[in-house]
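The values are calculated or read from the model by the stated rules, or taken from the named source; none is laboratory data. Because the structure is predicted, anything quoted here is derived from the model rather than measured. Using ideal geometry, Cβ is built from the backbone for each residue, glycine included, and neighbour counts are taken over all protein chains shown.
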Amino acid sequence: MEVAVVRFPGSNCDFDALHVLSRVVAGSSARFAWHKDAELGSCDAVIVPGGFSYGDYLRCGAMAAHSPIMPAVKRFAERGGPVLGICNGFQILCEAGLLDGALGRNASLHFECRDVHLLVEGAPTPFTAAIPAGRILRVPIAHAEGCFVHDDVASLEREGRVVFRYVDSAGGVTPQANPNGSVNNIAGISNKAGNVVGLMPHPERASEAILGNTDGRALFDSLRAHLEGKPSRV
């Protein structure tokens, strides 16, 4: 599979995503797509990485959502192409209308940087279909504006579009497990079609044994299995 990793001024996890998808995940290659490009070029999936695009001015992701590359990302998603937004990428996808809801200041009003536990649930997506439902992943966060809000969270739950939820290590959905005050402990969602996913935690930072954690790699292995048409579990 070939993955396009979109780069914006201020991206700081673009090389992390590129490294994992070009050197860690078997059978995968990756390249950068610059924010001023008008086309993505040939690719099987798109990653919108984390960072502080445009210095987080106005609102996180608000300026990046209007970059020249974003119409191409939208067209790719409308054709059913898999798109993953990580942290600032999640914020960008919400600002661009590819995902609904918004990300606001953490309830603590502090930058939160630590490992959290995520429950994998909801309807299958390219990034979760090969992960057994109910699996708990340990993945790091690093954000100041990760509090997910939505004006109709009941519909998200009913439609199975909550794909990652903050839990404790035993799977309990508790206030203590919620690092930013997100409604219903929501850490990540999908669009209605299921091909666009956004989450605040950083799976690319937990994809190699040398980092002490490989849980995040499950998302990228699931993408590869999806694109290869394999029902394998990761």
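Out of the residues in segment 4-20 that are of a type in the set (G, A, S) and on the phi < 0 side of the Ramachandran plot, which is modelled with the lowest pLDDT? Let's see the steps before the verdict.
So in segment 4-20, the residues of a type in the set (G, A, S) come out as 4, 10-11, 17.
Checking which are on the phi < 0 side of the Ramachandran plot leaves us with 4, 11, 17.
Numbers: A4: 98, S11: 93, A17: 97.
My answer is S11.
Report yes if R31 is within 14 Å of H202 (Cβ to Cβ) and over 16 Å from the mean Cα position of the chain (by Cα), otherwise no.
For R31, the condition - within 14 Å of H202 (Cβ to Cβ) and over 16 Å from the mean Cα position of the chain (by Cα) - is not met.
Filter segment 94-115 down to the residues that are under 13 Å from G188 (Cα atoms), outside any strand (DSSP E or B) and in contact with a helix residue (DSSP H, G or I) (Cβ under 8 Å, 6 or more places away or on another chain) and list them by number.
Result: L99, D100, G101.
Tell me which of these I141 doesn't satisfy, since it passes every other one: (1) closer than 18 Å to V20 by Cβ; (2) touching a helix residue (DSSP H, G or I) at 6+ places or on another chain (Cβ under 9 Å); (3) touching a residue at least 40 places away in the same chain (Cβ under 8 Å); (4) β-branched (V, I, T).
Here I141 meets the rest and fails (2).
Say we look at segment 184-219 and pick out the residues that are of a type in the set (V, I, T) and buried (at least 23 other Cβ atoms within 10 Å of the Cβ); which of these is nearest to the chain's Cα centre (by Cα)?
The residue in question is V197.
Being under 18 Å from D221 (Cα atoms), part of a helix (DSSP H, G or I) and either in contact with an Asp or Glu (Cβ under 8 Å, 6 or more places away or on another chain) or not hydroxyl-bearing (S, T, Y) (or both), is that true of even one residue in segment 46-57?
Filtering segment 46-57 down to residues under 18 Å from D221 (Cα atoms) leaves 46-49.
Narrowing further to those that are part of a helix (DSSP H, G or I): none.
No: zero hits.
Taking the stated definitions as given, is A17 small (G, A, S) and surrounded by fewer than 24 Cβ atoms within 10 Å (Cβ to Cβ)?
Working: small (G, A, S): yes; surrounded by fewer than 24 Cβ atoms within 10 Å (Cβ to Cβ): no.
It is false that A17 is small (G, A, S) and surrounded by fewer than 24 Cβ atoms within 10 Å (Cβ to Cβ).
Test G41 against the stated conditions and say whether it is at pLDDT 95 or above and either acidic (D, E) or out of contact with any Phe, Trp or Tyr (no Cβ under 8 Å at 6 or more places or on another chain) (or both).
On the way: at pLDDT 95 or above: no; either acidic (D, E) or out of contact with any Phe, Trp or Tyr (no Cβ under 8 Å at 6 or more places or on another chain) (or both): yes.
No.
Yes or no: segment 69-77 includes at least one residue that is closer than 16 Å to G10 by Cβ and either crowded, with 20+ Cβ neighbours inside 10 Å or more than 18 Å from the chain's Cα centre (by Cα) (or both).
Yes, some residue in segment 69-77 is closer than 16 Å to G10 by Cβ and either crowded, with 20+ Cβ neighbours inside 10 Å or more than 18 Å from the chain's Cα centre (by Cα) (or both).
Can you tell me which condition L99 does not meet? The list is (1) under 16 Å from the mean Cα position of the chain (by Cα); (2) at negative phi; (3) at pLDDT below 95; (4) not charged (D, E, K, R), and all the others hold.
Only one criterion is unmet by L99, namely (3).
So, in segment 151-177, exactly how many residues are in contact (Cβ under 8 Å) with a residue 40 or more places away in the chain and under 18 Å from I136 (Cβ atoms)?
Looking only at that region, the number is 11.
Within segment 168-183, which residues are surrounded by fewer than 22 Cβ atoms within 10 Å (Cβ to Cβ) and either modelled with pLDDT under 95 or touching a Ser or Thr at 6+ places or on another chain (Cβ under 9 Å) (or both)?
Correct list: D168, A177, G181.
Scan C13, C60, C87 and give me the residue that is over 14 Å from the mean Cα position of the chain (by Cα) and within 18 Å of V197 (Cα to Cα).
C60
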